[in-house]
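Everything on this sheet refers to the single structure shown next.
The values are calculated or read from the model by the stated rules, or taken from the named source; none is laboratory data. Worth saying up front: this structure is predicted, and the values here are computed from it rather than measured. Here the Cβ positions follow ideal geometry from the backbone for every residue, glycine too, while neighbour counts run over all protein chains shown. For the accessible areas, the whole protein counts, side chains as well, though only heavy atoms, and no ligand, DNA or RNA atoms are used. Shrake-Rupley method; radii C 1.70, N 1.55, O 1.52, S 1.80 Å.
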Amino acid sequence: MSWSKKAIVSYHFIEAATDNYFDELKLSFNSLLKSEDSSGTFDAGQSHFFWKINSKVDIAATDTYFISVVKEKSAWPVWFREDEGIAEIPLNDGALGELYYAIVNPESRFILSLAALGGGPAGAFKKFLNEFSKDGSAKLTPLFEDKIDLTTLSWDFYKKIAISVNFPSYEYSAEFMTTKEGTLLGIIDELGGLKADITISAPKQKQNLNTSQTREIAKALLINDFCSKLVLKGSDNDGEEIQEFDLKNAQVKYKEMVEISGSYMVEDEALPILKRAFNDRSHDLIHLSE
């Protein structure tokens, strides 16, 4: 069995409350690689995860690690045979899951992640990285084209924010609803919806939105990765030319078509893709993190 798939690699930087987190993360990974078993499990919300530190990767001057994470599926597909009909999948042991791969560099603080089949890997790896955090403060911030995030999130004046939000799946909804942006978008849940398109513009009398609150909401939506569109319209100084950017479209992605030999992407197929993605943006990943 062989089939083609578009592989999409996401680029993020890891943030944490203290610099000690990154030293401890490296020590933990090295210790696990030296042990007989470099894998583990954890529960987050209503999801169960399995992870494994596969190996070190020789791509940067500092230690980079190749990692697999599997999130157990909350709803399993069914098993069927034409002569016997439909039944539960005959699993004697284990579970079905969604497989994600990543390369992580604690010193340069970057992570490149890839889904073996579909879905977004960032949420799974954020939870994985927080398993090594004492305060749960680890966050993932996307890499943007032309540092557009630094431009838009430093504006002094905002005229408009427009977002398309996909309400998170149930295992993430409880966590999402306790956040400020979750409270703002709670109407999606109240109405039993899955998506909302919201545009908030400055009133004519005031001419500008609240700067600090607009920045806070925009940053939170980017980090939590629940929106498919995030447009900001504004300027550095009142009276300057107004600019408008969609920050979601400006996030850096690496894409290529790959041939998968089996029913899912295995480690030997995933790692070369992640290496090529790193080489494609190595200057940004190393120098932007310094």
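Stretch GLU216-LYS147 to full length: gain in nm at 0.36 nm per residue minus the Cα-Cα span?
Working it through step by step, the gained length comes to 23.0 nm.
Compute, for the chain, the length of the dipole vector about the Cα centre, with Cβ point charges of +1 (Lys, Arg) and -1 (Asp, Glu) only. Units Debye, rounded to 20. Don't jump to the answer; show the numbers that get you there.
Details: 31 positive and 45 negative charges, 133 e Å.
In debye, rounded to 20, the chain gives about 640.
Figure the gain on full extension for ILE242 and LEU117 (residue separation times 0.36 nm, minus the Cα-Cα span) and round it to one decimal in nm.
Additional length available on full extension: 40.9 nm.
Can you give the angle from 0 to 90° between the axis of helix 20-34 and the longest principal axis of the chain, with both taken from C-alpha atoms, to the nearest 10?
10 degrees
Counting other C-beta atoms within 10 Å, and keeping those with at most 11, which DSSP coil trypsin sites (Lys or Arg not before Pro) do you find in the stretch 186-241?
LYS204, LYS206
Please list, in order along the stretch 241-257, the HN-Hα scalar couplings obtained from phi with the Karplus expression 6.51 cos²θ - 1.76 cosθ + 1.60 (θ = phi - 60°), rounded to whole Hz, x for Gly and Pro.
Those phi angles translate into 4, 7, 10, 9, 9, 9, 5, 5, 5, 8, 6, 6, 9, 10, 10, 7, 7 Hz.
Would you work out the charge dipole size for the stretch 1-100 about its Cα centre, treating the Cβ of every Lys and Arg as +1 and the Cβ of every Asp and Glu as -1, and quote it to the nearest 20 debye?
Computed charge dipole of the stretch 1-100: roughly 360 debye.
I'd like the Karplus ³J(HN,Hα) series for the stretch 61-69: coefficients 6.51, -1.76, 1.60, θ = phi - 60°, whole numbers in Hz, and an x wherever there's a Gly or Pro.
Along the stretch 61-69, the couplings run 5, 10, 4, 10, 10, 9, 10, 10, 10 Hz.
Could you state the angle between the C-alpha long axis of helix 211-224 and the longest principal axis of the C-alpha atoms of the chain, as a value from 0 to 90 degrees rounded to the nearest 10?
That works out to roughly 10 degrees.
What is the helix-to-structure angle for 267-287, meaning the angle in degrees between its Cα long axis and the longest Cα principal axis of the chain, kept from 0 to 90 and rounded to the nearest 10?
30 degrees
Using only helices, what value at 222 nm comes out for the chain when you add -39,500 (n - 2.57) per DSSP H run of length 4 or more and divide by the total residues, to the nearest 500 deg cm²/dmol?
Calculated mean residue ellipticity at 222 nm is -8500 deg cm²/dmol.
What accessible area per residue, rounded to a whole number of Å², is obtained for the chain using a probe radius of 1.4 Å? The partial results should precede the final answer.
Details: 15670 Å² over 290 residues.
Computed with neighbouring chains in place, this is 54 Å² per residue.
Test of understanding: what is the full-extension gain from ILE200 to LEU91, defined as 0.36 nm times their sequence separation minus their Cα-Cα distance?
Extra length from ILE200 to LEU91 when fully extended: 34.3 nm.
Treating each Cα of the chain as an identical point scatterer and ignoring solvent, apply the Debye formula and state log10 I(q)/I(0) at q = 0.15 Å⁻¹.
For the chain at q = 0.15 Å⁻¹, log10 I(q)/I(0) is -1.27.
Using only C-alpha atoms and all pairs of different ones, pull out the Kirkwood radius for the stretch 11-66 in Å with one decimal. Display every interim value, and only then the final one.
Values: mean 1/r = 0.0763 Å⁻¹.
Here the Kirkwood hydrodynamic radius works out to 13.1 Å.
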